[in-house]
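The values are calculated or read from the model by the stated rules, or taken from the named source; none is laboratory data. Every value quoted in this text rests on a predicted model; they were computed, and no experiment measured them. Methodologically, a virtual Cβ is constructed for each residue, glycine included, from the backbone with ideal geometry; neighbour enumeration extends over all protein chains shown.
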Amino acid sequence: MLISHKIALDPNNAQATYFAKAAGTARFAYNWALEQWQKQYEAWKADKRLPKPSQYSLRRQLNAIKREQFPWMLEVTKCAPQMAIIQLGQAFANFFAGRARYPQFRKKGRDDRFTLTNDQFEVDGCRIRIPNLGWVRMREPLRFTGKIVSATVSRVADRWFASITVDAPGLHLPKAENQGAVGVDLGLTALATLSTGEKVPGPKPHKARLGRLRRLSRSLSRKAKGSANRRKAKVKLARLHARIANSRMDALHKLSAGLTRRFSIIGVEDLNVRGMMGNRRLARSIAAGGFFEFRRQLEYKAAMRGSVVVVADRFYASSKTCSACGYELETLPLSAREWTCPACGAIHDRDLNAAKNLERLALATASSAGNHACGEEGSGLAFRAKRTASVKQEASFVDG
């Protein structure tokens with residue numbers, strides 16, 4: 001299993017300057033390769049006798065000209081430009097496979113990072129050795145043991161971090177406490193509603209700091225471009241954005257870790273976040289929820305504990321289906337937080353009812369696939385529930 005540990009660095013001024021140079025070199029190499037790729041691809045379409053661009057050919061081209069045209073690249077590690085072009089090749093591979101959008105040019109201040117291969121750095125306790133630089137202090141030691149694959153040094157606001165990727169095949173956390181199955185309904189009033197009746201409130205860090213965010217944004221816009229005061233204001237604003245992101249990530253990590261620690265079968269929804277963002281009144285709150293990040297964390301943490309995550313189809317009517325009798329409403333407006341089933345008379349809290357339906361769907365799907373609460377040792381699995389009448393009926397009437 002490949003797992004990364006992101007560790008804060010404590011560089012001195014000379015080391016921070018080196019990091020900025022290496023990140024700038026990587027960004028320049030990426031943008032140069034993207035421009036060359038576009039030109040060479042257009043030339044290949046006009047004349048198929050010409051070679052198609054690739055990250056291998058672009059790396060060779062850059063190596064052939066960098067000593068004469070870009071001698072400042074030699075001041076930093078050779079991995080910075082080479083790995084940037086390799087990442088561009090992977091970005092195009094993801095684009096042609098339909099997994100990502102067309103690669104975009106990297107921007108200074110937003111994409112400040114560079115990557116090192118495992119033969120170009122060394123980790124020793126609370127320090128890391130960078131080529132052409134020496135040892136840099138880390139705020140904590142590496143948590144995982146195994147083969148170190150790579151390290152990416154990146155800047156967030158005015159702080160530098162090292163994300164060290166480790167291949168740890170034997171990394172397995174203790175199995176879940178086996179409290180059964182649980183359905184998780186993500187929302188805006190509460191971060192998550194569990195089928196057990198628990199409601200997990202979200203910190204809503206963006207809303208809490210929105211006033212200060214606006215003040216700092218206005219302050220930055222009033223500063224003269226290129227001035228020292230503008231740089232200071234930009235750092236203040238970046239620090240606030242980083243603090244908001246850290247608060248959100250902390251809440252998501254605690255929620256996902258708690259669920260995978262307690263339950264062996266977890267049912268969640270496949271939310272159409274992009275479509276939900278079309279509602280301009282709720283877009284800010286939806287974006288601040290981090291729904292996709294929660295699902296990503298839940299799946300990899302469940303795999304480490306041998307649990308099962310069942311992802312319901314996004315068209316599964318979890319909120320409109322009565323968890324008591326299975327009756328499905330034709331429509332249910334978003335403003336209706338409670339509703340009464342016309343078939344059995346049960347009164348439902350909208351979010352709790354959806355969570356109960358997700359729990360039953362997860363149980364039905366995991367049982368039909370032959371994977372029960374514990375599963376095999378270390379076999380963390382994720383299933384996608386299909387939207388079929390049989391599955392919906394089974395999910396409605398399986399006893400929890």
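Per-structure values
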| item | result |
| --- | --- |
| Subset tally (residues that are of a type outside the set (Phe, Trp, Tyr) and either in contact with a His (Cβ under 7 Å, 6 or more places away or on another chain) or on the phi > 0 side of the Ramachandran plot (or both)) for segment 107-152 | 7 |
| Every residue from segment 253-277 that is in a helix (DSSP H, G or I) and closer than 22 Å to Ser318 by Cα | Leu255, Ser256, Leu259, Thr260, Val273, Arg274, Gly275, Met276 |
| Ser219 vs. criteria modelled with pLDDT of 95 or more and under 26 Å from Phe114 (Cβ atoms) | no |
| Segment 160-189, subset surrounded by fewer than 16 Cβ atoms within 10 Å (Cβ to Cβ) and modelled with pLDDT of 90 or more, residue farthest from Gly109 (Cα to Cα) | Asp167 |
| Every pair of residues 6+ apart whose Cβ atoms lie under 6 Å, when the first sits in segment 140-159 and is under 16 Å from Ala22 (Cβ atoms) and touching a residue at least 40 places away in the same chain (Cβ under 8 Å) while the second is acidic (Asp, Glu) and outside any strand (DSSP E or B) | Arg155/Asp112 |
| Test set (1) at negative phi; (2) surrounded by 15 or more Cβ atoms within 10 Å (Cβ to Cβ); (3) among the charged types (D, E, K, R) - Glu198 fails condition number | (2) |
| Count of segment 334-365 residues which are aromatic (Phe, Trp, Tyr) and surrounded by 24 or more Cβ atoms within 10 Å (Cβ to Cβ) | 0 |
| Residue in segment 236-257 that is among the basic types (Lys, Arg), under 29 Å from Tyr300 (Cβ atoms), crowded, with 16+ Cβ neighbours inside 10 Å and over 17 Å from the mean Cα position of the chain (by Cα) present | no |
| Boolean, Ala157 is at pLDDT below 90 and either within 30 Å of Thr115 (Cβ to Cβ) or aromatic (Phe, Trp, Tyr) (or both) | no |
| Residue in segment 359-366 that is among the charged types (D, E, K, R), modelled with pLDDT of 85 or more, in contact with a strand residue (DSSP E or B) (Cβ under 9 Å, 6 or more places away or on another chain) and at negative phi present | yes |
| Among (1) over 24 Å from Gly258 (Cα atoms); (2) assigned to a strand (DSSP E or B) - the single one Ser323 does not satisfy | (2) |
| Verdict on Val308 being surrounded by fewer than 20 Cβ atoms within 10 Å (Cβ to Cβ) and either in contact (Cβ under 8 Å) with a residue 12 or more places away in the chain or touching a helix residue (DSSP H, G or I) at 6+ places or on another chain (Cβ under 7 Å) (or both) | no |
| Test: residue in segment 270-279 that is of a type in the set (Val, Ile, Thr), assigned by TED's automatic domain parsing to the domain that holds Leu188 and in contact (Cβ under 8 Å) with a residue 24 or more places away in the chain | no |
| Elements of type helices (runs of 4 or more DSSP H) contained in segment 1-113, each with 3 or more residues being modelled with pLDDT of 95 or more, within 22 Å of the chain's Cα centre (by Cα) and surrounded by fewer than 16 Cβ atoms within 10 Å (Cβ to Cβ) | 79-96 |
